[in-house]
Amino acid sequence: MKICLVGPCSPRHLDSLLNDCDDTILDKFEFFSGLPVSNLAIDLVRLGHEVQIVSTYFGSHEISLEGKNLRAWFLPSERSHRKRALSLWKCDRARIEQKIRSLDFDVIHAHWTYEYALPALKIENDAIITAHDSPLRILLHYRDVYWLLRFFLSFLVRIKTRNLFAVSHHLANDWRSLMF
């Protein structure tokens with residue numbers, strides 16, 4: 001099966017599967033950690049699936065890395081959290097959407113309910129979305145514009161998604177009760 005994973009990921013966590021993972025690339029750029037995406041990709045490849053990963057990183061150009069049954073794209077993202085937030089992650093979402101549209105897959109699975117989930121849902125109504133946090137609970141705790149904008153994105157995901165999964169029962173209950 002061809003599975004497309006969309007979310008934060010670092011090639012550092014995939015280096016055992018990658019053919020051309022050059023340490024100079026890894027040292028030169030800042031990647032998002034995203035262990036859930038990396039670990040899922042490793043397990044899916046070991047089960048014999050063909051996995052494609054679409055992620056972002058703080059850099060200036062697209063990076064493509066390959067391995068047996070694995071291909072990963074790291075798309076450039078603005079380093080300024082403020083600029084990304086004020087645009088509602090518009091550039092990130094557009095790059096992610098464009099990359100996903102160019103891929104052939106059977107299943108798409110996006111992680112986190114923000115800039116990674118919206119492009120996946122725009123392309124595939126039945127995209128699988130995994131929630132890793134509780135946006136309203138975070139907003140109530142931090143109470144700033146950045147988290148308000150993140151909450152807004154997650155609320156759009158909540159409205160559009162048919163297949164939302166949570167990583168714990170506690171988180172699932174938060175999504176049922178706090179995300180309307």
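The values are calculated or read from the model by the stated rules, or taken from the named source; none is laboratory data. Bear in mind the structure is a predicted one, so any value in this text is a computation, not a measurement. Reconstructed Cβ throughout: ideal geometry from the backbone, glycine too, with neighbour counts over all protein chains shown. Just so you know, the surface numbers come from the protein's heavy atoms only, side chains and all, with ligands and any DNA or RNA stripped out. Shrake-Rupley method; radii C 1.70, N 1.55, O 1.52, S 1.80 Å.
Check the stretch 115-128 and report whether any residue there is loosely packed, with under 15 Cβ neighbours inside 10 Å and at negative phi. Even if it seems obvious, please write down each step before you answer.
If we filter the stretch 115-128 for residues that are loosely packed, with under 15 Cβ neighbours inside 10 Å, which is where we start, we get 125-126.
Still in the running and at negative phi: 125-126.
Yes: one or more hits.
Across the stretch 65-77, which residue is most open to solvent (accessible area, probe 1.4 Å) among those that are among the charged types (D, E, K, R) and touching a residue at least 40 places away in the same chain (Cβ under 8 Å)? Spell out the reasoning first.
Taking the stretch 65-77 as the starting set, the residues that turn out to be among the charged types (D, E, K, R) are 66, 68, 71.
If we keep only those that are touching a residue at least 40 places away in the same chain (Cβ under 8 Å) as well, we get 66, 68.
On the way: Glu66: 86, Lys68: 156 Å².
Taking the candidates together, the pick is Lys68.
Can you tell me which of (1) modelled with pLDDT of 90 or more; (2) outside any strand (DSSP E or B); (3) over 30 Å from Ser134 (Cβ atoms); (4) open to solvent by 70 Å² or more (accessible area, probe 1.4 Å) is the one Gly48 doesn't meet?
(4)
Just for the stretch 129-180: of the residues that are more than 22 Å from Leu86 (Cβ to Cβ) and among the polar types (S, T, N, Q), which one is surrounded by the most Cβ atoms within 10 Å (Cβ to Cβ)?
Checked the stretch 129-180; the qualifying residue surrounded by the most Cβ atoms within 10 Å (Cβ to Cβ) is Ser134.
Within the stretch 10-27, how many residues are part of a helix (DSSP H, G or I), free of Cβ contacts under 8 Å to residues at least 24 places away in the same chain and not hydroxyl-bearing (Ser, Thr, Tyr)? Before you say what the answer is, go through the steps one by one.
Just the residues of the stretch 10-27 that are part of a helix (DSSP H, G or I), to begin with: 11-13, 23-27.
This time we only want the ones that are free of Cβ contacts under 8 Å to residues at least 24 places away in the same chain, so: 12, 23-24, 26-27.
Among the residues that remain, those that are also not hydroxyl-bearing (Ser, Thr, Tyr) are: 12, 23, 26-27.
Here the count works out to 4.
Scan (1) in a loop (DSSP other than H, G, I, E, B); (2) under 21 Å from Phe152 (Cα atoms) for the single condition His61 breaks and write down its number.
Every listed condition holds for His61 apart from (2).
Here is a yes/no grid of residues against (1) in contact with a helix residue (DSSP H, G or I) (Cβ under 7 Å, 6 or more places away or on another chain); (2) open to solvent by 20 Å² or more (accessible area, probe 1.4 Å); (3) closer than 16 Å to Val6 by Cα; (4) modelled with pLDDT of 95 or more:
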| position | (1), (2), (3), (4) |
| --- | --- |
| Asn39 | no, yes, yes, yes |
| Leu44 | no, yes, yes, yes |
| Gln52 | no, no, yes, yes |
| Ile63 | yes, no, yes, no |
| Arg79 | no, yes, no, no |
| Cys91 | no, yes, yes, yes |
| Glu97 | yes, yes, yes, yes |
| Arg101 | yes, yes, yes, yes |
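Identify the residue in the stretch 84-109 that is of a type in the set (Asp, Glu) and under 15 Å from the mean Cα position of the chain (by Cα) and, among all such residues, is farthest from Val54 (Cα to Cα). First the steps, then the outcome.
Residues of the stretch 84-109 that are of a type in the set (Asp, Glu), as a first pass: 92, 97, 104, 106.
Going one step further and asking which of them are under 15 Å from the mean Cα position of the chain (by Cα), we end up with 92, 97.
Values: Asp92: 11, Glu97: 9 Å.
Per the criteria, the residue is Asp92.
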